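The values are calculated or read from the model by the stated rules, or taken from the named source; none is laboratory data. Not measured: the values here are computed from a predicted model. Cβ coordinates were reconstructed from backbone atoms using ideal geometry, including for glycine residues, and neighbour counts include every protein chain displayed. SASA here: full protein model, heavy atoms, side chains in, ligands and nucleic acids out. Shrake-Rupley method; radii C 1.70, N 1.55, O 1.52, S 1.80 Å.
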Amino acid sequence: MHRLFNKQEDSDFLADALMPGPYRCYLCEEEDVIGGDGLCSECRAKIRYCPNPSYLAPLDGITIGLQYSEELSAAIMRFKKYGQREYADFFTQFLSVPAEWNAEYLVPVPMHPLRKWQREFNHTELLAAYLSRSVNIPFSTRLLIKTKLSPEQKGIVDPAERRRNIRGSFCADPVVKGRRLGLVDDVFTTGATVYECAKVLKQAGAAKVYLSAVTSPAR
């Protein structure tokens, strides 16, 4: 029987991310009276929840946590670029998986193995691990892999170029056939990456593909 995920290996993501604290606000990094959400009162008052943006096929649904801001962008950079893994738990509180999705597995947007080796971890895997624990839906890093080392999307502004850059970058395991899957990512901008992920999963036979992301610019 094909193993969709390795319990021991996947649980390591949680073990790696567990950190004491918080002693500073996750957004402003100032010492203050920090609530259970990891925010000081000033930052808590400033955050804005994001209306779910419109989406196109092959995605079947989308949920977004927070509206994009400079403070949130800086926090995401500390998480994904500078290895502050404790941010996984903080960001996960803004992720959701609607019950009507009936998602069977969570699938983190994959990173090429070389880039993962350079960074030492994939931030979306940590998000998926925490979200999996929160919503009691298993996650797998094996259902979708990145096979092409493409330039990072962040430096590409033109939407059409972003789509060309990511095209042909992913490969899905045929075991996804008939499955309902929830992609997990940090930022939804033009959607080029997640659309390509969803396309590849659908081509492999996935029944439904949804997206849960931390943040997106207001639309």
Averaged over all viewing directions, the convex hull of the alpha carbons in the stretch 17-100 casts a projected area in nm² of 6.8
Across the Cα atoms of the stretch 56-113, what radius of gyration and what greatest pairwise Cα-Cα distance (Dmax) are found, in Å? 13.7, 36
Roll a 1.4 Å probe over the protein heavy atoms and report the accessible area of residue 186 in Å², nearest 10. 10
Need the C-alpha centroid separation for the stretch 31-79 versus the stretch 188-219, integer Å. 18
Computed ³J(HN,Hα) along the stretch 189-195: with the Karplus parameters 6.51/-1.76/1.60, θ = phi - 60°, integer Hz and x for glycine or proline, the list is 10, 7, x, 4, 5, 5, 5
Considering just Cα atoms, how many Å³ per residue does the convex hull of the stretch 48-190 enclose? 124
Please report the accessible area of residue 188 (heavy atoms, 1.4 Å probe, ligands and nucleic acids excluded) in Å², nearest 10. 10
DSSP loop trypsin sites (Lys or Arg not before Pro) in the stretch 171-208 with at most 16 other Cβ atoms within 10 Å of their Cβ, which ones? 177
Phi to ³J(HN,Hα) by Karplus 6.51 cos²θ - 1.76 cosθ + 1.60 over the stretch 41-51, Hz, x for Gly, Pro: 5, 5, 5, 4, 6, 8, 5, 10, 6, 9, x
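Protein chains only, probe 1.4 Å: how do 195, 210, 23 rank by accessible area, largest first?
Working: 195 40, 210 15, 23 165 Å².
In descending accessible area the options line up as 23, 195, 210.
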